[in-house]
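The values are calculated or read from the model by the stated rules, or taken from the named source; none is laboratory data. Here the structure is a predicted model, which means the values were calculated and not measured. Every residue, glycine among them, receives a Cβ derived from its backbone with ideal geometry; neighbour counts consider all protein chains shown. These area figures cover heavy atoms from the full protein model, side chains too; ligands, DNA and RNA do not enter into them. Shrake-Rupley method; radii C 1.70, N 1.55, O 1.52, S 1.80 Å.
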Amino acid sequence: MVHSVRQVALSSVMRRVAGAALVACSLTLVGATPGGAKSTIRWHGCGAGQPSNLQCGRLLVPLDYSHPHGAKITLGFNRLRAQDRAHRVGSLIVNPGGPGAAGSDVVAVEAFGKHLWHPALHERFDLIGMDPRGTGMSTRVKCDPAAFNRRVSLFPRTAAAFNEVTVWARAFGKSCLRRTGPLLGHVDTGSVARDMERLRRALGDGKLNFLGLSYGSHLGSIYAELYPKRIRTMALDGIANHSIAINTVFSDAAAAYEDTFNRFAAWCAQTSSCPLQGRDVVAMFDSLVAQADRQPIPAPGCADGACRPTVTGGELRMNAFNLLLIKNGVPALGFPTWDEAAGALLRAEQGDASVFSSQLPQNPQDDPFAGLAINCVDYPREVSSYDDFAAKALLGRILAPHTQGASEAWLGILGCIRWPVPLARRYHVVTVRGAPPILLAASTHDPSTSYVWSHEMRDHIAGSVLLTRDGDGHTSSWLTSGRTRDAIAHYLITKKTPPPNTVYPD
């Protein structure tokens, strides 16, 4: 149950960089049509404000794959064609994570010349940004922003406060079901994997090439379980393990974030560029959180209503995660560096916590809704009562005394408590047999996807090869340089993996 929190940041920054929203063809649920889903793609321009070298397309796919001839939904995607046509390898479908992040957004960023990916990928592949069902140009999840934006405690400490959260969760979930309809129960990753197979066939480029980051690694592993013989190359970067108990997911995620926070504090103490050099960053952070719990800190940068006007201690702990996600930042997506994260903490101490304010979605189709909806049908719900919740909160405080369990799993635990549709498919151990070598890339100090998960997934995917980056930050494909990034691109082009258990320095 990971990645819901980051989805607010990830999708919003990608949309700001990409400019105008990509034009969708049809985002409504349609009835069954004779002949089923179309098997060919009619490429077209992506609309005003989009680069001329970017093409968009769509397919109709089954709403429910157990009834493939029933109602259809739209699968939307875009394409940035390979620069070196003479040495083109084929199509490469990319998924940037989330869940809920649209692949079309990151391909659009690349088309704008922001250079997210290793240059060789754009040279040798048609980059395909597929938007998972519920997101982007695909038929979207729709919810009531007012219901989502109602302020409740992220970390309720009494049964009464917990009941307020359950009332919020029930009302919000009902608004999603009312506005989205049957799609809400079919945004699971298994259905997305089947959509990706439909897209692979329609592209007509032979076997699948796939690069999945974070949640994208979960999507890739499910696809490999379903269609192991239809893969040419698959690189999974930042491994999300869908095969462990929810309690373990929460525990590992809490420990990974705490580890990154402690490494950030230690780095800051000895780095001249850090605005907090020479200070006890851990003590400062704890004091700031306690202060915000007593009296929320103003966020004057949120006067436009797009984010909350004040920041609580819980929000400070939760949203600091986004600032520490990638040590050197990703300028093209707006992810800050650790230097900038330290500066934001200093400004919060001085009375301006705007950077830590929670976003307030304004549109019924905004991105956080899809991410939460996917989590809620993918992962079993283990919290139903206040006693259940208090036990999770205690575990978070014990494992992570400073961030206190404020991991990406936390909002999923809260938001899914009273979700109106059941688990889409039986929760199971992903097992892949018969696929070509799949490359698993992981960093040793990833705040989002625990390094332990990559070793567990290695055991679940027969013949997979683990590549370790010894360093900080979530995923390696968006680094500006490095041997890990190079090795991922080299594998996707040549099918040649590095030796098993290779470790590269940061």
All conditions in (1) modelled with pLDDT under 95; (2) surrounded by 18 or more Cβ atoms within 10 Å (Cβ to Cβ) are true of ARG79 except (1)
Within region 355-372, the residues that are in a helix (DSSP H, G or I), under 16 Å from ARG140 (Cβ atoms) and touching a strand residue (DSSP E or B) at 6+ places or on another chain (Cβ under 6 Å) are ALA370
Handout entry: Test result for VAL383, closer than 24 Å to GLY100 by Cβ, β-branched (Val, Ile, Thr) and in a loop (DSSP other than H, G, I, E, B)
Key = yes
If we keep only residues of region 381-412 that are in contact with a helix residue (DSSP H, G or I) (Cβ under 6 Å, 6 or more places away or on another chain) and of a type in the set (Asp, Glu), then the residue surrounded by the most Cβ atoms within 10 Å (Cβ to Cβ) is GLU408
Looking across region 332-343 at residues that are surrounded by fewer than 19 Cβ atoms within 10 Å (Cβ to Cβ) and at pLDDT 95 or above, the single one that is nearest to TRP117 (Cα to Cα) is THR337
Subset of region 298-331, residues among the aliphatic types (A, V, I, L, M) and crowded, with 19+ Cβ neighbours inside 10 Å, comes to ALA299, VAL311, LEU316, MET318, ALA320, LEU323, LEU324, LEU325, ILE326, VAL330
Those residues of region 264-279 which are outside any loop (DSSP other than H, G, I, E, B) and surrounded by fewer than 17 Cβ atoms within 10 Å (Cβ to Cβ) amount to ALA266, ALA269
(message) With the structure loaded, tell me whether GLN295 is open to solvent by 40 Å² or more (accessible area, probe 1.4 Å) and either closer than 23 Å to PRO99 by Cβ or at pLDDT below 95 (or both) or whether it fails that test.
(response) no
Taking region 241-263 and keeping only residues that are outside any helix (DSSP H, G or I) and modelled with pLDDT of 95 or more, one is left with none
- Is it the case that some residue within region 302-313 is in contact with a Phe, Trp or Tyr (Cβ under 7 Å, 6 or more places away or on another chain) and either of a type in the set (Val, Ile, Thr) or free of Cβ contacts under 8 Å to residues at least 24 places away in the same chain (or both)? yes
_Condition met for TYR227 (within 26 Å of the chain's Cα centre (by Cα), among the aromatic types (Phe, Trp, Tyr) and open to solvent by less than 20 Å² (accessible area, probe 1.4 Å))_ = no
By residue number, the members of region 406-421 that are modelled with pLDDT under 95 and either over 24 Å from SER358 (Cα atoms) or among the small types (Gly, Ala, Ser) (or both) are ALA406, SER407, ALA409, GLY412, GLY415
In region 439-454, anything under 13 Å from SER217 (Cα atoms) and in contact with a Leu (Cβ under 8 Å, 6 or more places away or on another chain) is listed as LEU439, LEU440, ALA441, ALA442, SER448, SER454
Across region 41-76, the tally of residues that are open to solvent by 40 Å² or more (accessible area, probe 1.4 Å), outside any strand (DSSP E or B) and among the polar types (S, T, N, Q) stands at 3
From the option list GLY90, GLY70, GLY98, GLY57, single residue qualifying as of a type outside the set (A, V, I, L, M), under 30 Å from LEU423 (Cβ atoms) and modelled with pLDDT of 95 or more is GLY70
Does ASP286 satisfy the condition of being in a helix (DSSP H, G or I) and more than 30 Å from ARG433 (Cα to Cα)? yes
Restricting attention to region 456-479, does a residue exist that is modelled with pLDDT under 95 and farther than 17 Å from PHE264 by Cα? yes
Residue set ASP195, ASP205; condition touching a strand residue (DSSP E or B) at 6+ places or on another chain (Cβ under 8 Å) and closer than 24 Å to TYR491 by Cα; output residue ASP205
How many residues of region 155-207 are surrounded by fewer than 16 Cβ atoms within 10 Å (Cβ to Cβ) and of a type in the set (Val, Ile, Thr)? The answer is 2
Per the filter on region 89-125, residues assigned to a loop (DSSP other than H, G, I, E, B) and open to solvent by 10 Å² or more (accessible area, probe 1.4 Å) are VAL89, PHE112, GLY113, LYS114, HIS115, HIS118
